[in-house]
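Read the structure below first, then the notes.
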Amino acid sequence: MKLDELRDLDFRRIGNLSVGAKAVLLSIVFVLMVAGGWWFQWSEQLDAIAREQRQEQALRDTYREKKRMAINLDAWRHRLVEIQQAFGALLRQLPNRSEMDALLNDINQAGLGRGLQFDLFKPASQETLSDFYAELPVTLKINGHFHDLAAFASDLSRLPRIVLLQDMNIQVAQRPAEKGGKDKDVMLVMEGTARTYRYLDEQELALQQKNARGAKK
């Protein structure tokens, strides 16, 4: 095959080309056909196939996850019952609005019963409302001996209602004046916050839900 044959190619006399020139010409035509098919047809189809493969994998992952959940459905139902029971038990530890005064009195009496002196017992003027409960912080400042303060904290933990002591700070208020005084005679002052909770009544719950819907809008 000579290059002059391709350079001076006359398509009207293509049948007179040599075998080598015809082979080269067919190769060029084949390459052009493949490139054109790739550009105009195959590339889009391959992209579509890739998208479908990714979607198939996502569906397989979703199927496996749902199958795992279906297999463990009874266990999940049992767990839900346990959570509902635990939630009900916690909810029963929350007083209603009418019982809050009695709870505050119980906290005060727990301190007085241990011989502690309250320099400050101040419930907050306003509660903090949540989805289904209200939180009331009580600012405390108490004087007493170490063991009495510890017993007071222990008494609060055993109340039938939830009372949490937070941000507690204990400092020495007074040491024994006479020599040879024992550490147990050291007077301490404890400052901090006792947080207690109550559940909301039906009207308050309805108001909370209304406010939540308004916030979403």
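The values are calculated or read from the model by the stated rules, or taken from the named source; none is laboratory data. Just so we're clear, the structure is a prediction, and the values are computed from it rather than from any experiment. We place every Cβ from the backbone using ideal geometry, glycine too, and count neighbours over all the protein chains shown.
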Scanning segment 92-115 residue by residue, those in contact with a strand residue (DSSP E or B) (Cβ under 7 Å, 6 or more places away or on another chain), of a type in the set (S, T, N, Q) and not in a helix (DSSP H, G or I) turn out to be N96
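Residues K217, K122, K141: which one is surrounded by fewer than 16 Cβ atoms within 10 Å (Cβ to Cβ) and at pLDDT below 90?
On inspection, the qualifying residue turns out to be K217.
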Take the residues of segment 116-158 that are assigned to a loop (DSSP other than H, G, I, E, B) and in contact with a strand residue (DSSP E or B) (Cβ under 7 Å, 6 or more places away or on another chain): which is nearest to L104 (Cα to Cα)?
A124
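Residues are listed down the side, and each one gets a yes or a no for (1) among the aliphatic types (A, V, I, L, M); (2) in contact (Cβ under 8 Å) with a residue 60 or more places away in the chain:
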residue	(1), (2)
R97	no, yes
D101	no, no
L104	yes, yes
N108	no, no
G113	no, no
Q117	no, no
F121	no, no
A124	yes, no
D131	no, yes
